[in-house]
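Student: Sharing a structure with you now.
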Amino acid sequence: MKPLQVSLERLVREEVRLAGTLTAEELELETRDAMIAVAGPLRYAFQVTRVTNDLLLEGRLEIELDCTCVRCLRPVRHRVLLEDWRCVVPLTGPERVIPEGDVVDLTPYVRDDILLAFPLHPLCEPGCPGLLHSESGRAASTGFQEGWGAPSVWSKLDELNLE
């Protein structure tokens with residue numbers, strides 16, 4: 001039995017506690033993003049409870065990512081932590097999980113919630129100014145950082161008086 005599989009028969013009698021680690025390969029986790037790579041295993045600890053026609057998963061998920069800042073391209077370590085993670089796995093209806101015999105695989109639900117928690121645009125820091133570098137390799141300070149970015153090269157045309 002895989003690490004994130006539970007027996008439905010056992011869940012009728014008691015809650016099941018799952019804890020351990022899974023590699024990205026075991027989790028079948030593909031980021032498909034050049035700026036994000038999985039740096040370590042997924043650490044999980046949660047309990048599975050059967051509630052009428054659903055399974056309720058409650059616990060904690062954590063994984064480390066090696067990211068590249070999308071503004072300045074510096075490497076940055078990012079931790080995805082779902083401290084009070086909850087997931088409902090339906091046993092009936094169109095979205096229901098299909099058991100293999102008596103066993104339900106929870107891996108897709110864990111994987112989906114981890115992927116949804118990945119940063120959309122990883123940054124080294126919230127105010128990262130981007131690739132404007134000075135001689136020291138640090139971001140240069142410029143006057144336009146408060147706004148949306150550098151003034152447009154076409155902004156001088158706004159000052160043009162054709163009359």
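Student: Those residues that are part of a loop (DSSP other than H, G, I, E, B) and either under 16 Å from GLN5 (Cα atoms) or in contact with a Ser or Thr (Cβ under 9 Å, 6 or more places away or on another chain) (or both), I need them from the stretch 97-123; list them, please. Walk me through it before giving the result.
Tutor: Kept after step one, since they are part of a loop (DSSP other than H, G, I, E, B), are these residues of the stretch 97-123: 97-99, 101-102, 106, 117-123.
Selection gives VAL97, ILE98, PRO99, GLY101, ASP102, LEU106, PHE118, PRO122.
Student: Being basic (Lys, Arg), more than 27 Å from ARG74 (Cα to Cα) and modelled with pLDDT of 90 or more: is that true of ARG17 here?
Tutor: Details: basic (Lys, Arg): yes; more than 27 Å from ARG74 (Cα to Cα): yes; modelled with pLDDT of 90 or more: yes.
When the stated conditions are applied, ARG17 passes them.
Student: When you check ILE114 against the structure, is it farther than 30 Å from GLU14 by Cβ and in contact with a strand residue (DSSP E or B) (Cβ under 7 Å, 6 or more places away or on another chain), yes or no?
Tutor: Working: farther than 30 Å from GLU14 by Cβ: no; in contact with a strand residue (DSSP E or B) (Cβ under 7 Å, 6 or more places away or on another chain): yes.
Taking the combined requirement at face value, the residue does not satisfy it.
Student: Only one of GLU64, GLU58 is within 30 Å of GLY127 (Cβ to Cβ), out of contact with any Leu (no Cβ under 9 Å at 6 or more places or on another chain), at pLDDT 95 or above and not aromatic (Phe, Trp, Tyr). Can you tell me which?
Tutor: Details: GLU58 fails: within 30 Å of GLY127 (Cβ to Cβ).
From the options GLU64, GLU58, the qualifying one is GLU64.
Student: When only residues in the stretch 1-40 that are part of a loop (DSSP other than H, G, I, E, B) and among the acidic types (Asp, Glu) count, which is farthest from the chain's Cα centre (by Cα)? Step through it out loud before you land on a result.
Tutor: From the stretch 1-40, those part of a loop (DSSP other than H, G, I, E, B) are 1-4, 14-15, 23, 28-35, 39-40; that's our starting set.
Pick out the ones that are also among the acidic types (Asp, Glu) and you get 14-15, 28, 30, 33.
Working: GLU14: 31, GLU15: 27, GLU28: 14, GLU30: 11, ASP33: 12 Å.
Filtering first and then ranking leaves GLU14.
Student: Continuing with the same structure: Which one is farthest from TYR109 (Cα to Cα), of the residues in the stretch 60-80 that are surrounded by 14 or more Cβ atoms within 10 Å (Cβ to Cβ) and either in contact with a Gly (Cβ under 8 Å, 6 or more places away or on another chain) or free of Cβ contacts under 8 Å to residues at least 40 places away in the same chain (or both)? Explain how you work it out, then say what you get.
Tutor: Taking the stretch 60-80 and keeping what is surrounded by 14 or more Cβ atoms within 10 Å (Cβ to Cβ), we get 60-72, 74, 76, 78, 80.
Cutting the leftovers down to either in contact with a Gly (Cβ under 8 Å, 6 or more places away or on another chain) or free of Cβ contacts under 8 Å to residues at least 40 places away in the same chain (or both) gives us 60, 62-64, 66, 71-72, 80.
On the way: ARG60: 13, GLU62: 14, ILE63: 15, GLU64: 19, ASP66: 23, ARG71: 31, CYS72: 33, VAL80: 16 Å.
Out of the qualifying residues, it is CYS72.
Student: Please specify each residue of the stretch 16-53 satisfying the condition of being under 18 Å from VAL104 (Cβ atoms) and surrounded by 13 or more Cβ atoms within 10 Å (Cβ to Cβ).
Tutor: Going residue by residue through the stretch 16-53, those that are under 18 Å from VAL104 (Cβ atoms) are 16-20, 22, 26-28, 44, 46-53.
Hits for the stretch 16-53 are VAL16, LEU18, LEU22, GLU26, LEU27, TYR44, PHE46, GLN47, VAL48, THR49, ARG50.
Student: Can we say PRO90 is more than 17 Å from the chain's Cα centre (by Cα) and at pLDDT below 85? Break it down stepwise before answering.
Tutor: On the way: more than 17 Å from the chain's Cα centre (by Cα): yes; at pLDDT below 85: no.
Considered against the rule, which asks whether it is more than 17 Å from the chain's Cα centre (by Cα) and at pLDDT below 85, PRO90 comes out as no.
The values are calculated or read from the model by the stated rules, or taken from the named source; none is laboratory data. Being a predicted model, the structure only gives us computed values, none of them experimental. Heads up, the Cβs are rebuilt from the backbone with ideal geometry, glycines too, and the neighbour counts pull from every protein chain shown.
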